[in-house]
There are 2 protein chains.
Amino acid sequence: MNVQLEDISGKRETVLNSTLALIKEHGFHGTPMSMIAKHAGVAAGTIYHYFDSKETLILELYIYVKDRLAMAILANDDAAMPYKDRFFNLMINQFNFYIGNPDALLFLEQYVNSPYAKNYPLNDSQIFIDKVHTFFNYGIENAYFRNIDPRLLAPTVKGTLVAAANIQLSQHTAFSDEDVIEIINIVWDGIKRQ
Amino acid sequence: MNVQLEDISGKRETVLNSTLALIKEHGFHGTPMSMIAKHAGVAAGTIYHYFDSKETLILELYIYVKDRLAMAILANDDAAMPYKDRFFNLMINQFNFYIGNPDALLFLEQYVNSPYAKNYPLNDSQIFIDKVHTFFNYGIENAYFRNIDPRLLAPTVKGTLVAAANIQLSQHTAFSDEDVIEIINIVWDGIKRQ
DNA sequence: TGTTACCGAATGAACGTTCAATTAGAAGAT
DNA sequence: ATCTTCTAATTGAACGTTCATTCGGTAACA
């Protein structure tokens, strides 16, 4: 398929990207290994050189996507800036990542609600845990946020951003920068210390 | 299986309830028709007397569950009460429905992110649309809520409640009534007209 | 010459669906 | 009440397909 991509990233990443693209269209179980092989331009057997099974392929794809999400979220983060400004920057980055990678958005949403996530709860991106979780924990410890169960924060934030991204993607009209700020204000006004 | 339930509700509902219970454990794909048949105490062929295919079984199960969710949410709603009080009542009802029906919660979350929802976007509960959507539209028109895209409201609300319900279910310690109110306050503070 | 990467046809298990046969139940006739 | 007839409900073995995975072999490369 995409020879350039294949050349620079190797067949392993080519397979991961093909799987991501196909799952967007057909879902986990509408995507047979033969289809992935064809789309990636490799033989079916080759996939098993890099992944033990379809199941581990999905598990590793999740880490791969989540790593990329974590790095996108953290772009231009500056610990010297006010916490609220950093929060808004991270949220904007997250929104833009979803808009720029709709297949990743769809995959992540499917994954977290699938038996994979339930059966392998420890399978997650180390980068995401180290960096993004740390950022939120800092906000909790320093009382920028309401005094609530910290595990409520992330889903509250994510739910709104994902909803907004899905709306923009399903229509073909984009939210303005001001709209995005307003959306993040919904989140911030909900979770900030009142 | 459950003879009492079967007797009063008929085999169609028995099959629906078995499917719901099994999907919670094994997911869409991991739940073959033969397993549903066994769990429901009917022959495989009998399922096809009530449903055209596995696909339509899932589609009808979604309507069935969403109808029950809608009715649970609307319990004790009183149009004479202040809008904010009605809102809190509906949210508490929704949270309690998730807690009391974890299999429904898991199914709904899986469904909305599956190819079913993408391929059949018009397949939804009429009760839910008539009653719950109407309630939110009223809040938008009468300026109880921020002036934002109305489709952002529902996912924002749902995301937080679902997150809270999942936390309570995954641990085995319950949120207190005050905790639940606090959670709903997060939602309300985010979306209310400031 | 040994090792790694890659191929793709073959395999075998799993699964959704069908269907010919059986039973249950309702309606009607006597 | 009893028998007859017709339809709907139910069964589960069998079918055909799909799909993940295997494996014997070939090429690349060190």
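Numbers for the structure displayed
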{"quantity": "For A:ALA143, inter-copy label distances in nm, listed shortest first [label point 7 Å out on the Cα-Cβ vector]", "calculated": "3.6"}
{"quantity": "Label 7 Å beyond Cα on the Cβ vector: B:ALA75 copy-to-copy distances, nm", "calculated": "4.7"}
{"quantity": "The stretch B:57-99 and the stretch A:153-186: distance between their alpha carbon centers, rounded to Å", "calculated": "25 Å"}
{"quantity": "Dipole-positive endmost among A:ILE183, A:PHE135, A:GLN171 within the stretch A:134-194 (Cβ charges, Cα centre)", "calculated": "A:PHE135"}
{"quantity": "Axis proximity, chain A to B: residue whose C-beta lies nearest, plus whole-Å distance", "calculated": "A:GLY159, 1"}
{"quantity": "Cα-only Debye scattering, the stretch B:54-191: base-10 log of I(q)/I(0) at q = 0.12, 0.18, 0.21 Å⁻¹", "calculated": "-0.49, -1.12, -1.46"}
{"quantity": "Amide H within-cut-off set for A:PHE145, under 5 Å, with H built and near neighbours excluded", "calculated": "A:ARG193"}
{"quantity": "Pseudo-label separations to other copies for B:ASP103 - Cα-to-Cβ vector, 7 Å, nm", "calculated": "3.6"}
{"quantity": "Cα long-axis angle, helix A:177-191 against chain A (0 to 90 degrees, to the nearest 10)", "calculated": "70 degrees"}
{"quantity": "Length added when fully stretched, B:GLU13-B:SER170, from 0.36 nm per residue minus Cα-Cα", "calculated": "53.8 nm"}
{"quantity": "Cα extents of the protein assembly as shown along the three principal axes, largest first (Å)", "calculated": "63, 56, 41"}
{"quantity": "Two-site label geometry, B:ALA80 and A:ASP103: point separation in nm, points 7 Å out along Cα→Cβ", "calculated": "5.8 nm"}
{"quantity": "Principal-axis tilt of helix A:83-100 within chain A, Cα atoms, nearest 10 degrees", "calculated": "30 degrees"}
{"quantity": "Sites B:GLU55 and A:ALA43, calculated FRET efficiency, Cβ-Cβ separation with R0 30 Å, nearest 0.05", "calculated": "0.45"}
{"quantity": "Along each principal axis, Cα extent of the stretch A:88-144, largest first, Å", "calculated": "36, 28, 17"}
{"quantity": "Choice from A:LEU161, A:LEU22, A:LEU122 with maximal GNM fluctuation in chain A (Cα, 10 Å cutoff)", "calculated": "A:LEU122"}
{"quantity": "Simple Cβ-charge dipole of chain A, Lys/Arg +1 and Asp/Glu -1, about Cα centre, in debye nearest 20", "calculated": "380 debye"}
{"quantity": "Structure-based [θ]222 nm, the protein assembly as shown - -39500 (n - 2.57) summed over DSSP H runs of at least 4, per residue, nearest 500", "calculated": "-22500 deg cm²/dmol"}
{"quantity": "Degrees between helix A:150-170 axis and first principal axis of chain A (Cα, 0 to 90, nearest 10)", "calculated": "60 degrees"}
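Bear in mind that the values in this text are calculations on the coordinates, not laboratory data. As the structure is a prediction and not an experimental result, all values here were calculated from the model. All Cβ positions, glycine included, derive from the backbone under ideal geometry; neighbour counts span all protein chains shown.
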